[in-house]
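Colleague: Have a look at this one before I ask anything.
The values are calculated or read from the model by the stated rules, or taken from the named source; none is laboratory data. Predicted model, so just to flag it, every value in this text is computed and none were measured. Using ideal geometry, Cβ is built from the backbone for each residue, glycine included, and neighbour counts are taken over all protein chains shown. When the accessible area is computed, the model is the full protein with side chains, heavy atoms only, and any ligands, DNA or RNA have been set aside. Shrake-Rupley method; radii C 1.70, N 1.55, O 1.52, S 1.80 Å.
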Amino acid sequence: MSNKEDQNTEVEALESIFPEIEVLETEPLHTLKFTLKTENYDEDPDNEARIVIIFKFTTKYPDEAPEVKIEETENTSDESELIEFLKVQAIENLGMPMIYTLVCALLEKLNLDNENRKTLEINEKERLEKLREEEELRRFEGTKVTVETFLKWKAAFDKEMSELNKQVVDKTPKKTTGKQLFERDESLFTSDLQFTEGEVEVDESLFQDLDDLDLEDDEDDEYHPDDDEEEEE
């Protein structure tokens, strides 16, 4: 059987196994397109992997590896890494139909790599969350107090209080002396003089009723020093 006949037989078998296969060309050689997805891709495409890959037979296939082209990828390894992986698989299967083997190996790698990727993402998320919790705990606990840190704090506190007390004393208003008032404003002295200079007016009406007072002399009530001497004798 020729290589061409072997290729036709293999394509027929692949079409029965993989409903999603697309035969892009049959002449002069077959070109096959596969869309491979991880198990849960349809339920959660954002967190699953997908790849669209094209295999093209050569005239010497399966005695040499088919040509491989990656058309699309989602959440997969680097394309060059995937191509290198398929080359290794192809070398191990030279001389026999290998498309089925390559597709199955690639699909297994997609699932394994995707699980590892999700595990790494979960671990990284947990690590960041743990760091955040530790930071919050450090803020809550504050700095542990030792004799050295307390003495340092006490010295700084005493210095701060001393400066505050000094500011309070400096800002306390001092009582102004008469001399300072005079030096500041001489009009204060002249304003007092105006009450002592010039004529002083007297209200005579304040003394009009003095004549009505009983101011008659009472000889019996007068005090005579000689009376005290006579009593002593």
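Colleague: For region 57-65, check the following and say yes or no: at least one residue is of a type in the set (A, V, I, L, M, F, W, C), touching a strand residue (DSSP E or B) at 6+ places or on another chain (Cβ under 8 Å) and surrounded by 13 or more Cβ atoms within 10 Å (Cβ to Cβ).
Modeller: Scanning region 57-65, I find at least one residue that is of a type in the set (A, V, I, L, M, F, W, C), touching a strand residue (DSSP E or B) at 6+ places or on another chain (Cβ under 8 Å) and surrounded by 13 or more Cβ atoms within 10 Å (Cβ to Cβ), so the answer is yes.
Colleague: Is at least one residue of region 87-95 polar (S, T, N, Q) and outside any helix (DSSP H, G or I)?
Modeller: yes
Colleague: Hey, could you check region 15-56 for residues that are of a type in the set (Ser, Thr, Tyr) and touching a strand residue (DSSP E or B) at 6+ places or on another chain (Cβ under 6 Å) and say which is least open to solvent (accessible area, probe 1.4 Å)?
Modeller: Among residues in region 15-56 that are of a type in the set (Ser, Thr, Tyr) and touching a strand residue (DSSP E or B) at 6+ places or on another chain (Cβ under 6 Å), the one least open to solvent (accessible area, probe 1.4 Å) is Thr31.
Colleague: Filter region 85-96 down to the residues that are hydrophobic (A, V, I, L, M, F, W, C) and open to solvent by less than 50 Å² (accessible area, probe 1.4 Å) and list them by number.
Modeller: Selection gives Leu86, Ala90.
Colleague: For region 97-132, give me the residue count where each residue is farther than 30 Å from Arg50 by Cβ and open to solvent by 100 Å² or more (accessible area, probe 1.4 Å).
Modeller: 2
Colleague: Just name the residue that is nearest to Leu110 (Cα to Cα) out of those in region 1-56 that are in a loop (DSSP other than H, G, I, E, B) and among the hydroxyl-bearing types (Ser, Thr, Tyr).
Modeller: By that ranking, first place goes to Thr38.
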